[in-house]
Structures are given as structure tokens and as C-alpha cells.
1. Dipole magnitude of the chain about its Cα centre, charges +1 at Lys/Arg Cβ and -1 at Asp/Glu Cβ only, in debye to the nearest 20?
2. Obtain the nm distance between the two label points defined at MET80 and SER15 by a simple spin-label model: each point lies 7 Å from its Cα along the Cα-to-C-beta direction.
3. Just to confirm a number: summing +1 for Lys and Arg and -1 for Asp and Glu over residues other than ILE34 whose beta-carbon lies under 11 angstrom from that of ILE34, what do you get?
4. For VAL45, what is the net charge nearby, where nearby means another residue's Cβ is under 10 Å from its Cβ and Lys, Arg count +1, Asp, Glu -1?
5. Helix 72-85: angle to the longest alpha-carbon principal axis of the chain, degrees 0 to 90, nearest 10?
6. Could you calculate the contour length gain from ILE39 to LEU72, that is, 0.36 nm times the residue separation minus the distance between their Cα atoms, to one decimal place in nm?
7. Taking only DSSP H segments of four or more residues, each worth -39500 (n - 2.57), what value at 222 nm results for the chain once the sum is divided by all its residues, to the nearest 500 deg cm²/dmol?
8. Net charge within 15 Å of SER10 by Cβ-Cβ distance, Lys/Arg positive one each and Asp/Glu negative one each, not counting SER10 itself?
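Nothing in this text is a laboratory measurement; each read-out follows from the coordinates by a stated rule. From a predicted model like this one, the values you see are computed outputs, not experimental measurements. Backbone-built Cβ (ideal geometry, glycine too); neighbour counts: all protein chains shown.
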Amino acid sequence: MLNEIFEIYSRQGESLTGIGIREAALPVPAAIDILNLFINERILVLGGDIYIKKDNYFYQIYDNWYYEGSNLFNSIDKAMHYFISNKIRECICIFCFEISDKGSTRIDL
């Protein structure tokens with residue numbers, strides 16, 4: 001499953017280095033696919049930032065969400081609910097997450 005996650009990021013992820021951020025962002029449909037894979041890998045989603053791409057440039061719209069709990073399913077549910085309730089479609093997303101299997105390692109992509 002981790003290979004699938006990395007493949008989605010490599011195929012559909014877009015680098016934000018042009019705006020000084022060393023992370024990859026995903027289009028919302030790919031982000032939703034990733035959330036489903038996170039469940040199987042026990043990856044806790046801590047939050048996400050939303051950007052809009054216009055004329056090949058990324059703009060932060062200062063829209064985000066965060067999760068402070070430790071329940072894997074609640075963290076995924078909060079992210080999914082955010083996308084659905086805000087009808088976010090044409091944006092891209094950066095996730096901040098931790099792999100909760102052995103200890104906690106925070107990873108920003």
C-alpha cells in the first residue's frame with residue numbers, strides 16, 4: 001500500500017518549491033484516494049492546507065483543517081468531511097500526517 005501512496009504522489013503530486021514550500025500537493029480527487037490508502041497503512045492525518053493553481057502558479061487561500069486527536073478513523077473522517085462539506089474540487093491539498101504503527105513520526109509531504 002505504501003507503494004501506491006508514493007506512486008500517486010509521484011504521478012499526480014505537484015511540487016510547491018516555486019512558492020518556497022518543499023512539499024508536494026495533490027489534486028482533491030487524488031487526495032481522497034490517498035485518504036482511503038492511509039486507513040490501511042494506519043496513517044493518522046493531522047491536517048491539511050489548501051492551495052489554488054492558476055496560470056501555473058500556486059496560491060495559498062489560507063484554508064485548512066487540523067485534527068488533534070489520536071483516532072485514525074476520526075482523522076480520516078475529518079479530512080473527508082472537510083472536502084465534501086466545503087465542495088472543494090479545483091484545489092490541491094498538502095497533508096500533514098504521522099505513521100502511528102510504531103511510535104509517531106510526523107511527515108509533511
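1. Computed about the Cα centre, the dipole is about 100 debye.
2. The modelled label-to-label distance comes out at 3.3 nm.
3. For residues surrounding ILE34, the net value is -4.
4. -1
5. Approximately 30 degrees, to the nearest ten.
6. 11.2 nm
7. Result for the chain: -11500 deg cm²/dmol, rounded to the nearest 500.
8. Taking every Cβ under 15 Å from that of SER10, the sum is -4.
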